[in-house]
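The values are calculated or read from the model by the stated rules, or taken from the named source; none is laboratory data. The shown structure was predicted, so the numbers you read here are calculated from the model rather than taken from an experiment. Positions of Cβ are generated from backbone atoms using ideal geometry, with glycine treated the same way; all protein chains shown enter the neighbour counts.
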Amino acid sequence: MSYKRYWWALAIVIIGSFIVLGGEGRKMISGAPPLPDVYTTDGQLLFTGSSITDGQGVWQSIGGQEIGTVWGHGAYVAPDWSADWLHRESEFLLNIWAVKVGAANFDALNVDQQAVFKARLIRDMRTNTYDASSNRVTIDADRAAAFRQLASYYADVFASGRSEYAIPRGALTNVQKQHQLAAFFWWTSWAASTERPGSTTTYTNNWPHEPLVADGLTSGALLWSILSIVGLLAGIGGMVWWYASQEKSLVHGPYPATDPFLAVKATPSQRATIKYFFVVVILWGVQIMMGILTAHYAVEGHGFYGFPLDRYLPYAVTRTWHLQLAIFWIATSWLATGLYVGPAVTGHEPKYQRLGVNVLFGALILVVGGSLAGEWMGIQQRLGNMWFWFGSQGYEYVDLGRFWQILLFVGLVLWLALMVAALKPALVRKSEDRALLTLFLISSIAIPLFYAAGLMYGQRSHLVTAEYWRWWVVHLWVEGFFEVFATVVIAFLFTRLKLIEIRTATKAALFSTTIFLSGGIIGTFHHLYFAGATPAVIALGAIFSAFEVVPLTLVGYEAWENIRLAQPMEKAPWIANYKWPIYFFVSVAFWNLVGAGLFGFLINPPVALYYMQGLNTTPVHGHTALFGVYGMLGLGLTLFCLRAMGAARPWKQRPLKLSFWFLNLGLVFMVILSMLPVGLLQAWASIQQGTWYARSADFMQSGQMQTLRWMRVPGDILFATGALLFAWFILGLLTGHSYEDVKPSDLSDPLLGKDLEEEVLVAGS
């Protein structure tokens with residue numbers, strides 16, 4: 001069968017989308033807010049543009065986006081420093097002007113006097129005094145006084161610590177660095193309140209919401225939000241029309257009488273991947289522990305039930321590790337699946353493939369251990385000027401130091417080489433599955449390629465430049481091409497089990513990839529609405545992020561088809577062995593709809609994100625999409641590969657059943673009882689009073705908010721129990737207790753006895 005039209009559609013989508021993404025990205029970077037030297041009206045230099053860049057580096061080195069947010073990107077316990085500075089500076093100016101006319105403070109003025117000063121504040125703050133010829137911004141003496149006072153305040157915050165912000169004492173004590181950090185915070189606030197040349201909106205498209213300086217929702221953001229909803233409805237209509245015209249079933253019989261994997265003996269390289277899956281469980285367990293500590297810091301900012309934990313593991317470290325480990329274990333499960341699937345698809349074991357798998361495993365352990373240790377030392381200022389290379393870069397999801405980042409990229413290239421070596425024989429011969437293999441190879445190439453986007457910025461790169469490329473990694477690598485890779489892998493596994501015809505699987509994989517990427521690539525812009533982007537980014541991000549949701553409206557059908565794959569046990573009883581791996585894929589479909597679709601679209605339209613950026617509505621989407629979709633997928637792939645390698649022995653079903661339901665119900669309760677209510681209350685506060693208030697300690701440390709935070713505990717307990725059961729089951733594949741019946745003669749099984757123990761404990765043996 002020819003798939004030419006599918007390939008043409010995919011090529012047009014990818015090429016066209018990247019032309020748009022690259023073109024608008026270039027405009028965004030070239031139009032980024034300048035880094036000026038700041039002078040007072042009497043000619044006094046307050047700080048230089050270089051100090052702003054140095055301050056950005058200081059902010060990154062102490063945790064960056066893991067301590068509060070800047071332009072809404074980062075962690076959620078401390079304030080958004082841009083919004084916080086802007087509000088504090090505005091209040092300082094209003095009060096100092098009031099004192100000059102004899103009032104005690106601004107609140108003591110009558111309504112008419114307040115109106116005059118509010119108008120003056122808007123004029124002074126929004127007027128752009130930047131002179132491109134001299135690279136200067138000029139501010140008056142009052143704003144200079146505000147800077148000095150706020151610089152002193154923030155110096156104390158980071159030197160003395162703040163329990164309500166989970167900032168430990170001594171986080172930053174160097175006086176020069178404190179001044180540079182203040183310069184950076186001032187600049188982010190200036191860009192958020194000063195209008196672009198030739199525009200009536202600020203460099204951040206009027207974000208954050210701050211009524212005092214007339215930062216409010218732009219008409220463009222409102223218009224494109226409306227149009228995005230219209231586009232979503234039209235897209236859903238088109239998708240339903242397409243679905244109605246297609247063949248309804250992907251399941252075909254007759255089914256094989258026995259498990260096809262029974263006849264396949266695991267190759268040495270496939271057996272070498274077993275240890276990867278055990279490492280997945282270990283890293284996942286550590287990530288959960290870091291998540292518990294990170295969540296607890298929100299209610300007890302300096303400790304853990306009275307123990308002064310921040311002396312040893314400050315919030316910035318636990319959150320960094322929590323996010324970084326999520327990427328590590330999920331990526332490990334997928335990469336290991338690829339290494340297993342390669343020889344399984346082709347029946348070919350390349351020379352030195354096992355050695356390559358073991359070398360890659362050693363590199364993985366080095367990167368994980370080295371980057372985590374480096375982040376701990378870097379955030380605590382123990383690496384000096386080498387923080388960027390060996391410590392923490394301070395950007396969410398790409399926190400690891402540049403040295404470890406490069407090493408990880410080299411590891412991904414090695415993984416790609418191993419994949420190509422395994423797939424090459426099947427690619428050169430004309431076979432029914434050649435098209436699916438080609439898509440598999442393309443998705444494999446995309447994994448190291450798009451991770452390399454994280455190397456496109458440097459230590460002193462402009463914040464806008466860094467954010468643009470960072471979202472290439474987070475959105476295109478993690479949310480984009482990893483999903484394509486996973487889709488193709490699942491298709492291969494089902495075709496190898498002979499549950500789906502290759503033709504049907506190929507068409508479905510090509511079509512779903514095209515549909516997803518048609519919105520997903522340009523949809524990257526929805527992360528950049530208020531990160532120094534041009535207004536065009538709002539328009540493109542709004543429309544195409546809506547299109548991302550369109551294919552998710554039919555994931556219920558995908559879930560149902562996956563369930564059907566596990567049901568025909570009367571015709572093929574062996575299918576029951578794959579029930580729980582398949583059910584984990586079913587949960588992926590559910591969370592794709594809820595986490596990526598519903599909660600993703602909750603914050604994607606500009607009108608919504610304007611008020612919700614940097615609030616707890618974002619981690620609602622993050623938890624349900626990152627773990628619910630990609631984490632559940634990683635667990636499902638882990639089970640599938642381990643099941644295939646030990647197909648001769650039946651598994652105990654109860655531990656997996658309990659683990660499956662505890663994980664899913666735990667995630668539901670975690671979100672519904674705590675995270676979502678906190679986020680929605682913050683959104684209401686943001687709409688009513690401003691972003692600064694929604695992130696303030698007064699609001700976040702209120703009794704109501706504390707109660708809602710403690711409401712995470714039931715969901716967390718259920719989730720952790722599910723994770724423990726999963727880990728216990730995986731360990732049982734090593735000891736034998738996860739099998740229905742184990743005899744001494746079974747100890748030669750690939751997943752029992754000394755063979756597995758060797759693979760788990762001895763990398764490279």
So ILE330, is it in the same structural domain as VAL264 (by TED's automatic domain parsing) and either among the charged types (D, E, K, R) or more than 30 Å from PHE699 (Cα to Cα) (or both): yes
Residue match in the range 629-647 (condition: surrounded by fewer than 22 Cβ atoms within 10 Å (Cβ to Cβ) and more than 16 Å from PHE494 (Cβ to Cβ)): no
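Quick grid of which residues meet (1) of a type in the set (Phe, Trp, Tyr); (2) in contact (Cβ under 8 Å) with a residue 60 or more places away in the chain; (3) in a helix (DSSP H, G or I); (4) surrounded by 22 or more Cβ atoms within 10 Å (Cβ to Cβ):
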| position | (1), (2), (3), (4) |
| --- | --- |
| PHE278 | yes, yes, yes, no |
| VAL281 | no, yes, yes, no |
| VAL286 | no, no, yes, no |
| MET289 | no, no, yes, no |
| ILE292 | no, yes, yes, no |
| TRP321 | yes, no, yes, yes |
| PHE328 | yes, no, yes, yes |
Residues within the range 8-20 that are at pLDDT 95 or above, in contact with a helix residue (DSSP H, G or I) (Cβ under 6 Å, 6 or more places away or on another chain) and of a type outside the set (Val, Ile, Thr), tallied: 1
Residues (surrounded by fewer than 23 Cβ atoms within 10 Å (Cβ to Cβ) and closer than 19 Å to PHE530 by Cα) located in the range 453-463: SER461, HIS462
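Can you find, within the range 1-43, the residue that is surrounded by the most Cβ atoms within 10 Å (Cβ to Cβ) among those that are under 30 Å from ALA183 (Cβ atoms) and of a type in the set (A, V, I, L, M, F, W, C)?
Per the stated criteria, the residue is VAL38.
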Members of the range 414-434 that are modelled with pLDDT of 90 or more and of a type in the set (Val, Ile, Thr): VAL420
Residue match in the range 191-202 (condition: surrounded by 16 or more Cβ atoms within 10 Å (Cβ to Cβ), of a type in the set (A, V, I, L, M), within 21 Å of THR691 (Cα to Cα) and not assigned by TED's automatic domain parsing to the domain that holds ARG460): yes
Odd one out for HIS209 among (1) in contact with a strand residue (DSSP E or B) (Cβ under 7 Å, 6 or more places away or on another chain); (2) assigned by TED's automatic domain parsing to the domain that holds TRP71: (2)
Unique residue being over 30 Å from GLN706 (Cβ atoms), among the hydrophobic types (A, V, I, L, M, F, W, C) and in contact (Cβ under 8 Å) with a residue 24 or more places away in the chain when the list is PHE590, PHE669, PHE662, PHE627: PHE590
Those residues of the range 470-501 which are in contact with a Phe, Trp or Tyr (Cβ under 9 Å, 6 or more places away or on another chain) and not in a helix (DSSP H, G or I), in sequence order: LEU497, LYS498, LEU499, ILE500
Unique residue being among the aliphatic types (A, V, I, L, M), outside the structural domain of ALA171 (by TED's automatic domain parsing), assigned to a helix (DSSP H, G or I) and under 20 Å from the mean Cα position of the chain (by Cα) when the list is LEU423, LEU372: LEU372
Some residue of the range 49-66 being in a strand (DSSP E or B), without any contact (Cβ under 8 Å) to a residue 24 or more places away in the chain and outside the structural domain of SER686 (by TED's automatic domain parsing): no
Residues within the range 44-56 that are surrounded by 23 or more Cβ atoms within 10 Å (Cβ to Cβ) and out of contact with any helix residue (DSSP H, G or I) (no Cβ under 6 Å at 6 or more places or on another chain), tallied: 0
Criterion violated by ALA103 - all others in (1) within 22 Å of PHE388 (Cβ to Cβ); (2) part of a loop (DSSP other than H, G, I, E, B); (3) of a type outside the set (Val, Ile, Thr) satisfied: (1)
Some residue of the range 404-418 being under 19 Å from the mean Cα position of the chain (by Cα), part of a helix (DSSP H, G or I), assigned by TED's automatic domain parsing to the domain that holds TRP321 and closer than 17 Å to GLU66 by Cα: no
Qualifying residue in the range 70-82 (condition: small (Gly, Ala, Ser), touching a strand residue (DSSP E or B) at 6+ places or on another chain (Cβ under 7 Å), more than 21 Å from LEU323 (Cα to Cα) and at pLDDT 95 or above): yes
Failed condition for ASP741, given (1) among the charged types (D, E, K, R); (2) over 25 Å from LEU293 (Cα atoms); (3) assigned to a helix (DSSP H, G or I): (3)
Filtered residues of the range 338-370 (kept if small (Gly, Ala, Ser) and surrounded by fewer than 16 Cβ atoms within 10 Å (Cβ to Cβ)): GLY347, GLY362, GLY369
Those residues of the range 294-312 which are of a type outside the set (Gly, Ala, Ser), buried (at least 19 other Cβ atoms within 10 Å of the Cβ) and in contact (Cβ under 8 Å) with a residue 40 or more places away in the chain, in sequence order: TYR297, HIS302, ASP310
Residue match in the range 114-134 (condition: within 21 Å of GLY68 (Cα to Cα) and either surrounded by fewer than 16 Cβ atoms within 10 Å (Cβ to Cβ) or assigned by TED's automatic domain parsing to the domain that holds MET700 (or both)): no
Residue among TRP71, TRP59, TRP85 that alone is at positive phi, of a type in the set (A, V, I, L, M, F, W, C), out of contact with any Lys or Arg (no Cβ under 8 Å at 6 or more places or on another chain) and crowded, with 18+ Cβ neighbours inside 10 Å: TRP71
Verdict on ARG460 being at negative phi, modelled with pLDDT of 85 or more, touching a helix residue (DSSP H, G or I) at 6+ places or on another chain (Cβ under 7 Å) and of a type in the set (D, E, K, R): yes
Residue in the range 508-523 that is in a helix (DSSP H, G or I), at pLDDT 90 or above, in contact with a strand residue (DSSP E or B) (Cβ under 9 Å, 6 or more places away or on another chain) and within 21 Å of TRP472 (Cβ to Cβ) present: no
Tabulated pairs, the range 698-712, first without any contact (Cβ under 8 Å) to a residue 60 or more places away in the chain, second of a type in the set (Phe, Trp, Tyr), C-beta under 8 angstrom, 6+ apart or interchain: PHE699/TYR693; MET705/PHE699
